[in-house]
Amino acid sequence: MQQWLHDHPVISYILIFCFVVYIFNSVFRAQKRLPILKEILVHVIMAIGSFVLWILQYDLLPIIQCMAVAVGMMLMLRGRQLYDKWKGNGKTDAKPEAQASAAADNKLG
């Protein structure tokens, strides 16, 4: 696989850039959207960083494989979060504390 990626540099760069954008959006992006010029600047910087990673990939380091593992783990985490939410297991810790304080208030008063 590494040799195939070395033989197809454009596909390698596109894969690296897509992985970088996905990792940035799912880990580092703030909740609110940036203004359009800042958004463009962020993507240009990611493209430059992807080029650096592409150079390392072209030197036969497993950059794409490592990023694929990271994205796979992030997708498994997201799937687990959705499953917990769907099953109703995503309860916060605030409710048991509120119930405990309410029970203590009932015993006192």
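Here are the numbers for this structure:
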| quantity | calculated |
| --- | --- |
| Hey, Leu61 within 15 Å of Leu15 (Cα to Cα) and not polar (S, T, N, Q) or not | yes |
| Counted residues, region 8-57 - those being within 18 Å of Ala68 (Cβ to Cβ) and not β-branched (Val, Ile, Thr) | 19 |
| Number of positions in region 41-89 that are surrounded by 11 or more Cβ atoms within 10 Å (Cβ to Cβ) and not in a helix (DSSP H, G or I) | 3 |
| Test: residue in region 32-54 that is of a type in the set (D, E, K, R) and either closer than 22 Å to Arg78 by Cβ or touching a residue at least 12 places away in the same chain (Cβ under 8 Å) (or both) | yes |
| Failed condition for Ser26, given (1) under 12 Å from the mean Cα position of the chain (by Cα); (2) modelled with pLDDT of 95 or more; (3) open to solvent by less than 70 Å² (accessible area, probe 1.4 Å) | (2) |
| Matching residues, region 1-23, being surrounded by 10 or more Cβ atoms within 10 Å (Cβ to Cβ), touching a residue at least 12 places away in the same chain (Cβ under 8 Å) and hydrophobic (A, V, I, L, M, F, W, C) | Leu5, Leu15, Ile16, Phe17, Phe19, Val20, Val21, Ile23 |
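The values are calculated or read from the model by the stated rules, or taken from the named source; none is laboratory data. For clarity, every value in this text was computed on a predicted model and none was experimentally measured. For neighbour counting, all protein chains shown are included, and Cβ atoms are generated from backbone atoms with ideal geometry for every residue, glycine included. Just so you know, the surface numbers come from the protein's heavy atoms only, side chains and all, with ligands and any DNA or RNA stripped out. Shrake-Rupley method; radii C 1.70, N 1.55, O 1.52, S 1.80 Å.
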